[in-house]
Amino acid sequence: MRDTGFMSTILLHPYSRFPFPTPTARFLARAWWTCYSSPPYTWRQRSDASLATGELFSVILPNIREKLDLEITPEPGWKGFAPTWLGIPCHVGRVTMWLHTQETPGQTRSFSLLALFPQQDVPDAPPFIQLGTQFLLEYHVQVILNQTGTGGGNRLIVP
């Protein structure tokens, strides 16, 4: 857990227009990602993320990874262990995700996201990065869905 000293509220947007072979909450977070650029610099590029509560780890498919040219750092604890996702062999690493918060309009908060990188795409997969439950646990995220009233709405609360 990384302590930033404040709470962050990240809005979730309903999105139910896609079928998918794994369970998701069908809500999107408007996210930015640290990507490569040339000469060897990094910059942020936008690509939404789907809240995938049925996934243990976040998942980034090859077509999204290649389109964004994500900056991926190795996760040392996974050396020698090759997990699978839907039977597809995966690499494991971390990427940096940036999310807008309600408390600081126009600014973003960064998160190091542990993710699986399947070695092949899945037919009919939506073009979103999936945020798995490991992200929720690592950052002690509270998920609030279909709340109404003052401060209501679908959102993530991150300490």
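The values are calculated or read from the model by the stated rules, or taken from the named source; none is laboratory data. Quantities reported herein were computed from a predicted structural model and do not represent experimental measurements. In this analysis, Cβ positions are derived from the backbone assuming ideal geometry, glycine residues included, and neighbour counts consider all displayed protein chains.
Odds and ends about this structure:
- Of the residues making up segment 66-85, just one is loosely packed, with under 13 Cβ neighbours inside 10 Å and closer than 17 Å to Glu55 by Cβ, namely Thr84.
- Condition met for Leu137 (closer than 24 Å to Pro14 by Cα, of a type outside the set (Phe, Trp, Tyr) and either buried (at least 16 other Cβ atoms within 10 Å of the Cβ) or in contact with an Asp or Glu (Cβ under 7 Å, 6 or more places away or on another chain) (or both)): no
- Search result, residues across segment 73-98 that are closer than 10 Å to Phe117 by Cα and among the aliphatic types (A, V, I, L, M): Ile88, Val92
- A single entry from Leu28, Leu61, Leu68, Leu114 fulfils the requirement of being out of contact with any Asp or Glu (no Cβ under 7 Å at 6 or more places or on another chain) and not hydroxyl-bearing (Ser, Thr, Tyr): Leu68.
- Once segment 86-112 is narrowed to residues that are under 19 Å from Phe135 (Cα atoms) and among the polar types (S, T, N, Q), the residue that is surrounded by the most Cβ atoms within 10 Å (Cβ to Cβ) is Thr101.
- Of all the numbered requirements in (1) over 16 Å from the mean Cα position of the chain (by Cα); (2) within 23 Å of Arg44 (Cα to Cα); (3) among the aromatic types (Phe, Trp, Tyr), Phe111 misses one, and that requirement is (1).
- Across segment 88-108, the number of residues qualifying as closer than 20 Å to Arg46 by Cβ and among the aliphatic types (A, V, I, L, M) comes to 3.
- Residue match in segment 73-82 (condition: over 24 Å from Met7 (Cβ atoms), among the hydrophobic types (A, V, I, L, M, F, W, C) and in contact with a Ser or Thr (Cβ under 7 Å, 6 or more places away or on another chain)): no
- Close pairs from segment 119-145: first among the polar types (S, T, N, Q), partner in a loop (DSSP other than H, G, I, E, B), Cβ under 7 Å, at least 6 apart: Gln130/Thr24; Gln130/Ala52; Gln130/Glu55; Thr133/Thr53; Thr133/Glu55; Thr133/Leu56; Gln134/Leu56; Gln134/Phe57
- Flag set for Val122, criterion: of a type outside the set (S, T, N, Q) and either part of a loop (DSSP other than H, G, I, E, B) or closer than 13 Å to Trp33 by Cβ (or both).
- Being in a loop (DSSP other than H, G, I, E, B) and either exposed (fewer than 15 other Cβ atoms within 10 Å of the Cβ) or small (Gly, Ala, Ser) (or both) is not true of Ala115.
- The one condition in (1) assigned to a loop (DSSP other than H, G, I, E, B); (2) crowded, with 17+ Cβ neighbours inside 10 Å; (3) among the hydrophobic types (A, V, I, L, M, F, W, C); (4) modelled with pLDDT of 90 or more that Leu56 fails to fulfil: (2)
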